[in-house]
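Quick notes on the structure that follows.
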Amino acid sequence: MPALSVPDHLRTWVEINLGALQRNLAFVRKHVGPQPGILAVVKANAYGHGVEGVVRALARDTEVFGVANVKEALEVASASTGRCVMLLSPCLPAEYEMAVRSGYIVTASSAEEALAYSRHGDVRVNFKVDTGMGRAGCSSALAVDEVHQMLGMERVFLYSISTHLPSADEDADFTIAQLTSFDVLSDQLRAIAPGVKFHVLNSAGVLTRPDHRFDLVRPGLILYGVSPLPEYSMELEPVLSWKSRVVLLRDLPAGASVSYGRSFIAQKPIRTALVAVGYADGFPRQVSGRGASVLVRGVRCAVLGRVTMDQIVVDVSMLLEVRLGDEVTLVGRDGAERIDVDDLASQAGTISWEILSGIGRRVEHFHV
Ligand SMILES: *Cc1c(COP(=O)(O)O)cnc(C)c1O
């Protein structure tokens, strides 16, 4: 990566490669073909990537931006891309008026919910059907009747009908059965609601079911270059690198203990670097003692003992030279070495989505 002018005083930051983001979107476009519109999911501050820059970079081939709530929708709207914004989760009743007045597409699980929004004005609705996620949505058996009711409502404009896949990356049989049942339902619904858009596929669905003919697709994670399925990792380019700096260097004698709980004891004299990132920045405490490492001057260095709120201790004994202020790569590439979000997630016993969306407020953003 070319040298960036990251100010020396920054302690912890993420570098966002907007070119990579656009190439991942182009990959999605190639994968699903020219037909479906893209509903780019940018909730949770665009998975920790900084929503404004992401939205601007994706706008050209995006039809709708998907977010979780009204506050996030306002952030997308402030980027002024002119694209629609869809609220993917239900609003609180106290948010209905704001959602309707702002012109967002709301997600409703029943005709009654759609009606409640429409008391505040004309509203575009994404009607959600539950085909196995068991979260929001209307049961399939009631869907036709609910749609009939909504079509009769004066201020409700049915924009789309959707469902969500709970295990597109884990259970192909269940997913195929789910898609088949939604196909049957959508044939019925298309007949009574012409022009309404149907959508189902999240990232794992986009990767595994590109042949499926829906009007919109809803990729999130893959836009950011992280694949829910390892076999597609090579097709995608990570968008985010996460960096911090060395803030203190020390030499510890054999027998010295490191960090809370003294879970690490030096077996021989070691050189340690204190790095300015902790779990308050989103660096997962769960990686403590599980073989996590960071990159300093292109060398993989072990994280010693427990991750603390503001700092980690790293073994830099093998480095010939290390200085205060040196860059430390937590996620990304340094020389021949690379740490992926997936690596950090699996060491922490969690998923990439949680690592990315957990990157904290103290972490600065650089769009390159
Ligand atoms: C978050 C979300 C997505 C995107 O999921 P990825 O697995 O990140 O692609 C798609 N649809 C809905 C309804 C979501 O909430």
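Label reach from ALA191 (point 7 Å along Cα→C-beta): in segment 138-158, amide nitrogens under 19 Å belong to 140-152. In plain terms, the chain from ARG285 to ARG213 could stretch by 21.7 nm, reckoned as 0.36 nm per residue minus the Cα-Cα distance. So, counting K/R as plus one and D/E as minus one, what does the shell of residues with Cβ under 9 Å around HIS199 add up to? Here the count lands on +1.
Summed over qualifying helices (DSSP H, 4 residues or more, each -39500 (n - 2.57)) and divided by its residue number, the chain shows a 222 nm mean residue ellipticity of -8000 deg cm²/dmol. Extension gain, ARG29 to ALA302, is 94.3 nm, computed as 0.36 nm per intervening residue step minus the present C-alpha separation. Checking every one of the trypsin sites (Lys or Arg not before Pro) in segment 57-120 against DSSP loop status and a limit of 13 other Cβ atoms within 10 Å picks out ARG119. In plain terms, the C-alpha convex hull of the chain casts an average shadow of 19.7 nm² when viewed from every direction. Taking GLY305, GLY19, GLY291 in turn, the Gaussian network model of the chain (Cα-Cα springs below 10 Å) assigns the largest fluctuation to GLY291.
Along its first, second and third principal axes, ordered by size, segment 240-367 spans 39, 29, 25 Å in Cα coordinates.
ALA68 to LEU229: FRET efficiency via 1/(1 + (r/R0)^6), r the Cβ-Cβ distance, R0 25 Å, to the nearest 0.05? My answer for the efficiency is 0.60. A crude spin-label estimate for the pair SER181 and LEU142, with each label 7 Å from Cα along the Cβ direction, gives 1.6 nm.
Count the DSSP beta bridges whose two residues both fall in the chain, then state the antiparallel fraction as a percent rounded to the nearest 5. Around 50 percent of the beta bridges assigned by DSSP in the chain are antiparallel ones. Normalised by 2.2 N^0.38 Å, with N the number of residues, the alpha-carbon radius of gyration of segment 194-266 equals 2.04. A protection proxy built from the mean count of other Cβ atoms within 10 Å ranks the segments 158-165, 324-331, most packed first, as 158-165, 324-331. Length available on full extension from SER102 to GLU337: 0.36 nm per residue minus the Cα-Cα distance, which gives 80.0 nm. The modelled label-to-label distance for the pair ILE265/ASP251, using points 7 Å beyond Cα in the direction of Cβ, is 2.3 nm. With Cα atoms defining each centre, segment 334-362 and segment 285-315 are spaced 13 Å apart in the structure. Descending by average beta-carbon neighbour count within 10 Å, the peptides 218-230, 23-35 line up as 218-230, 23-35, the highest first. Loop-located trypsin sites (Lys or Arg not before Pro) in segment 314-368 (DSSP state other than H, G, I, E, B) with a sparse environment of at most 13 neighbouring Cβ atoms within 10 Å: ARG323, ARG361. Neighbours of SER259, meaning other residues whose beta-carbon lies under 15 angstrom from its beta-carbon, give a summed charge of +3 when Lys and Arg score +1 and Asp and Glu score -1. For segment 18-227, the square roots a ≥ b ≥ c of the C-alpha gyration tensor eigenvalues yield an a/c of 1.5 or more together with a/b not exceeding b/c, which makes the shape oblate.
Highest mean packing first, where packing is the average number of other Cβ atoms within 10 Å per residue, the peptides 171-181, 349-359 line up as 349-359, 171-181. Applying a DSSP loop filter and a limit of 14 other Cβ atoms within 10 Å to the GluC sites (Glu not before Pro) in segment 104-202 leaves GLU154, GLU170.
Relative to the compact-globule estimate of 2.2 N^0.38 Å, the Cα radius of gyration of segment 294-346 comes out at 1.13.
Where a number appears in this text, it was derived from the coordinates with a stated rule and is not lab data. The structure presented is a predicted model; accordingly, all values stated were derived computationally and were not measured. Backbone-built Cβ (ideal geometry, glycine too); neighbour counts: all protein chains shown.
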